[in-house]
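Notes follow the structure.
The values are calculated or read from the model by the stated rules, or taken from the named source; none is laboratory data. As the structure is a prediction and not an experimental result, all values here were calculated from the model. FYI the Cβ positions are ideal-geometry reconstructions off the backbone, even for glycines, and counts take in every protein chain you see.
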Amino acid sequence: MNTVVTSSPAAKVPHATHRLRLLLRREFWEHKGGFFWAPLVAGGIFLLLSTMGIVVGLVAAKKAAGDAQINIDGGSFSVNGLDLALLTSKLSAQDLRELGQALDVSLFMAASWPLIVMAFVVFFYCLGCLYDERKDRSVLFWKSLPVSDAETVLSKVLSATVMAPVLAVLTGLLVMFGFLGVISVVVLAHGGNPVNLLWGPASPLTIALQLLASIPVYAAWALPTVGWLMLCSAWARSKPFLWAIMIPLFSGIFVSWFDLMQMFERGSGWFWQHVVARLLLSVVPGSDIFYRGDSFNMAADGVDSVQQLLSIPVTYGAFARPEMWIGVAVGAAMIFGAIRLRRWRDDN
């Protein structure tokens, strides 16, 4: 008699990618307030304040003196009777190009509010993600599941370096287009054509592409800070914030006090920039621009250099600099240390 043995579906071991997806989902739902709501609220506050500022400005313009004039190419229009159609007809091609550059900078600033909030969220998330689970003893439950320490820690790394910036960038794009919509309504209310005066000169789609394309650069650049904070979170028995902040700061003070970098023919500023700042500030979006050398010359080129710094070729030029790959290697080593510490560390 032949016996057919079939495996139960419940006995199947889930694939590693499936486990990782579940772990990422867990991180999102446990930290939804920081990853999702905080950037969204920050963007909403910006839109509200911007709308209020525009309304206040329009009211002030209404109350301005009736003889206040603005002259363009021999023509003029009054502030009280602002006619943007007339203004657009008086603008040259160069004026429209400069207007578009200024609008692009304004759109970047509008989209940056959720990204600024994201930097604080990622910093404190990494600092507490391994410490808090030991503090509330939930680590015992998670270790009882068929999930390795490496998978758990890597899911937190991906949450900080990929999931958080993706959500923040998408929120920033919503804020950017919302801001563009608000000023489009104002332009329409004053007789202007938003397509000719705003959407044509500006480059919102290019900006959106640049922000989305910058996420891989951010993920790699942020690894030193993510690794350091997670290492402190896995190691510290109490007050991980103080350990994470004070060790780099006191190291910088010690190096500066005894001028130790002279042994390597470098100043103390190099240590603060390439060690202290990289350990503490790499999760700030755009912090890599201060390591670009001659390309960071905003004072000479004005708005043009701002757009050049945020362009895709310049952004991806970060992968050609040694400090990027040194930071990736150091961050990976510290993440490996956090995995090993989580494996045996408990606070009994």
### Query
Within the range 141-178, how many residues are aromatic (Phe, Trp, Tyr) and at pLDDT below 95?
2
### Task
With respect to Gly227, determine if the residue is crowded, with 19+ Cβ neighbours inside 10 Å, outside any helix (DSSP H, G or I) and in contact with a helix residue (DSSP H, G or I) (Cβ under 7 Å, 6 or more places away or on another chain).
no
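Each row is one residue, and each column tells you yes or no for (1) modelled with pLDDT under 95; (2) within 20 Å of His190 (Cα to Cα); (3) β-branched (Val, Ile, Thr).
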site	(1), (2), (3)
Ala38	no, no, no
Ala60	yes, yes, no
Ala64	yes, yes, no
Ile70	yes, yes, yes
Gly81	yes, yes, no
Gly100	yes, yes, no
Pro114	no, no, no
Ala119	no, no, no
### Only one of Ala208, Ala244, Ala202 that is surrounded by 15 or more Cβ atoms within 10 Å (Cβ to Cβ) and closer than 20 Å to Ile335 by Cα
Ala244
### Query
Would it be correct to say that Ser148 is free of Cβ contacts under 8 Å to residues at least 24 places away in the same chain and more than 22 Å from Trp243 (Cβ to Cβ)?
yes
### Message
Based on this model, can you work out whether Glu133 counts as among the acidic types (Asp, Glu), out of contact with any Ser or Thr (no Cβ under 8 Å at 6 or more places or on another chain) and buried (at least 19 other Cβ atoms within 10 Å of the Cβ)?
### Response
yes
## Note on the structure
Screening Leu188, Leu167 for residues that are out of contact with any Ser or Thr (no Cβ under 6 Å at 6 or more places or on another chain) and closer than 21 Å to Phe36 by Cα leaves only Leu167
### Task
Look at Ser268 and say whether it is modelled with pLDDT of 90 or more, polar (S, T, N, Q) and more than 22 Å from Leu209 (Cα to Cα).
yes
### Message
Anything in the range 221-241 that is under 24 Å from the mean Cα position of the chain (by Cα) and more than 13 Å from Ile335 (Cβ to Cβ)? List them, or say none.
### Response
Trp221, Pro240, Phe241
### Message
Can you list residue pairs whose Cβ atoms sit under 7 Å apart, with the first residue in the range 18-30 being touching a residue at least 60 places away in the same chain (Cβ under 8 Å) and the second being of a type in the set (A, V, I, L, M) and not in a helix (DSSP H, G or I)? Count only pairs 6 or more apart in sequence or on different chains.
### Response
Arg19/Val147; Leu23/Val147
